[in-house]
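Notes follow the structure.
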Amino acid sequence: MIQLHVWGCGTEISVISPECLAASWLLTDSLSNTSEEYEIVTSSNTNVSDIGKLPVLTTAERKLQGFEEISKYILETYGDTNFVSKELSTHNQLVNKALIAKLQYKVEYIHQYNMFVNSRNYEKYTTKLFQKYLPFPMMYNQPLKLHQNAQEQVQLLGLNKNKTGFFDFSGSVNNSEIAETEYINDENEEQDEVALSALHERQLVAKSKEKSLLRESKNSLKCLHLLNDYLDYFSKLYEKLNGNKNSYGFIFDQKRASSCEILLCAYVYSLTYEDLPDRFIYNYLKIKRPDFTEFIATCTQRWNTQLQIEDAVRGPENEETPSLWNEVKYQTGIVHY
Amino acid sequence: MFDIPESVKKLFDTFPLTTYPAIPKTTSGNDEFIEEKKFYFENEKQSQISTNASFSLGVHNVVEFKGQDGKRKYIPSDPVSLGQALILCHKNKLKLPTTSSTNRSCNSIMKVSFHASPDKQLPILIEDDKQSRTIRTISSIIETVAKSNFQKHPYLDAELLVLNDFIDLKLFDLWILCLLNENIDRFDEIFDIDSKLDLSFVAKSLVINNIYSEVEHWRAFRTRNPNLFDYMELLLSTN
């Protein structure tokens, strides 16, 4: 029995981890025609993994961590009726690997920005998710940790963190961000100012709100620009290998996706997810790359329907639950995953 | 005058006092001392025009190595610096430094401490053109290499650029993982740890820990893979 552990709750796989989403799609699509039994567990329990990161695939003999390893294993073991992998030339296999790395180390941070740093999405969507994923006392620690990691990671792309007001509990460890001169001057002014009256105070609050809005939109613009650059790699490669400038499709094969493309779809799906309060990335991509967005949308639609038809997703049971009790058992060594 | 209180004097007397001989001329900062740490690249052709500008690649250490032509050559001791040294050689039509130098250029590989780098990470490229000196970190070198080499053909580009990034990032990560996880036999040689330190276990482990505390931050490795370090903390807490 093959088991895939992912982020999510009930029968729903979460968009906070595109790698989990991609691994689930890949698993259902590859195994739907075989007699192999499998299930996808939305355990949200990072202890299952040896490296503290989901997705994790457990088979009878092995435990595989992370999308790259999982996809390699699935494609090698269960043939490739629906995906290209083995028949790719060595050169293209390398390109495929390189594109996965690009997604994991660049687009990932844009995803982190979108989920954890963009204050509208973070406060109105992401924080609420963890209440569903993790049982009572555990839902406080994990999201804050992820939030802090995200804030550090987006700075690698040159995106500053946004001020998240009341929700910024993550401490002032990383306050050394490089602000632009105009902000430095502005902030100094702001600190000197003391509210003289109720009216003045209201004005000050309004002004600071305006400023944080400005900062956020600047970050969002930078983010869109970077995303466009990264997606350019895919469209240029498609153009090169297929000679078609005006459309978009699978890069290496006419009909079948490769492992990097399934991951790309998962990322774009999460970035443009319809339940997000701030869908600035969706609006941008729809106008800037209509063919691309449409193609990705049809692919994800197909995979999502397949996920529903196969009905192999279940919630965590007993020791799979990320509860406090299981955490204690894990830390003391009673439970091993 | 003051008398030293008895208790304080006793305390200080318990430590052995060693007088070191005076160090006359070879202190760091001295020209000779710097020259000793420099290994000059060879010119490919005999008559190459020498320019005012020169560069030095700052690396941890160099090791000797026998080339195909039978000459003993110096190469940087870690793979990242070696890669950059080879790129510099290729781009500037230079050859690796040899032990028996015949046709040396003004450019060199230089042994420096990683504290010399602004982000505590080697290699660094020190560009000197008589009037000014710029120190470039590894991130800036990598960025420049990618920018200036893969921007001519738009299609070829995307592919090569992705592969280039892949090598820079993934192989670099692999090197850091090796350093962090594996017991490296020639650690002292790679990072040029003074053999005098072998006398004192404490001093040596302090120096080594100092290096390890920086390794995990090289090219933001820790920031990029926070999950790996959670696990390490967990390991420490369970053991």
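Where a number appears in this text, it was derived from the coordinates with a stated rule and is not lab data. No experiment lies behind these values; they were computed from the predicted model shown. All Cβ positions, even for glycine, are placed from backbone atoms using ideal geometry, and neighbour counts span all protein chains on display.
For chain A, the calculated P(r), taken from all Cα-Cα distances in 20 Å bins from zero up to the bin holding the longest distance, is 28, 54, 16, 1 percent. In this calculation the C-beta distance from A:Asp275 to B:Lys130 is compared with R0 = 56 Å, giving a FRET efficiency of 0.35. Across segment B:74-231, the mean sequence separation of Cα contacts (distance under 8 Å, 6 or more residues apart), normalised by length, yields a relative contact order of 17 percent. Stretching the chain fully between A:Asp50 and A:Glu294 yields a gain of 84.1 nm (0.36 nm per residue, less the alpha carbon separation).
Using a Gaussian network model of chain A in which every pair of alpha carbons under 10 angstrom is joined by a spring, one finds that among A:Thr34, A:Thr58, A:Thr11 the greatest mean-square fluctuation is at A:Thr34.
Under 11 Å from the 7 Å Cα→Cβ point of A:Lys132, by amide nitrogen: which residues of segment A:1-44? Residues A:8-16 fall inside that zone. May I ask which of B:Lys120/B:Lys147; A:Lys128/A:Lys255; A:Lys63/B:Lys170; A:Lys222/A:Lys255; B:Lys38/B:Lys93 have a Cα-Cα span longer than 28 Å here? Check vs 28 Å cut-off fails for A:Lys128/A:Lys255; A:Lys222/A:Lys255. The modelled label-to-label distance between A:Thr59 and B:Ile208, using points 7 Å beyond Cα along the C-beta direction, is 3.9 nm.
For segment A:297-302, the Karplus equation 6.51 cos²θ - 1.76 cosθ + 1.60, evaluated at θ = phi - 60°, returns couplings of 4, 5, 4, 5, 4, 4 Hz by residue, with Gly and Pro reported as x. The GNM of chain B, with springs linking C-alpha atoms under 10 angstrom apart, assigns the highest mean-square fluctuation among B:Arg222, B:Arg136, B:Arg72 to B:Arg222.
Highest GNM mean-square fluctuation among A:Tyr233, A:Tyr122, A:Tyr113, for chain A modelled with Cα contacts below 10 Å: A:Tyr233. The protein assembly as shown gives an Rg/Rh value of 1.02, both radii derived from C-alpha positions and Rh following Kirkwood. Label-to-label distance for B:Lys38 and B:Ala22 is 2.9 nm, based on points extended 7 Å past Cα in the beta-carbon direction. Can you give the log10 of the normalised intensity I(q)/I(0) at q = 0.12, 0.15, 0.24 Å⁻¹, computed with Debye over equal Cα scatterers of segment A:194-302? Each listed q corresponds, in turn, to -0.53, -0.70, -1.36.
The Rg/Rh ratio of chain B, with Rg taken over Cα atoms and Rh as the Kirkwood radius over Cα pairs, comes to 1.06. If you take the charge dipole of the protein assembly as shown about its Cα centre, with +1 on Lys and Arg Cβ and -1 on Asp and Glu Cβ, which of B:Ala158, A:Gln331, B:Phe15 is farthest toward its positive end? The residue sitting most towards the positive pole is B:Ala158. Using a simple spin-label model with pseudo-atoms 7 Å out from Cα toward Cβ, A:Gln203 and A:Lys286 lie 4.0 nm apart.
On the basis of the beta-carbon distance and an R0 of 30 Å, A:His91 and B:Asp194 show a calculated FRET efficiency of 0.05. Here the protein assembly as shown is treated with +1 on each Lys and Arg Cβ and -1 on each Asp and Glu Cβ, and its dipole about the Cα centre works out to around 1400 debye. The H on the amide N of B:Phe41, modeled in the peptide plane, is under 5 Å from the matching H of B:Ser105, B:Asn107, B:Ser108, B:Ile109, each at least 5 residues off or on a different chain.
Here is how the number arises for chain A: DSSP H runs of 4 or more residues each give -39500 (n - 2.57), the sum is divided by the residue count, and the result at 222 nm is -16500 deg cm²/dmol.
Averaging 1/r across all pairs of distinct Cα atoms in segment B:38-144 and inverting the result yields a Kirkwood radius of 14.0 Å.
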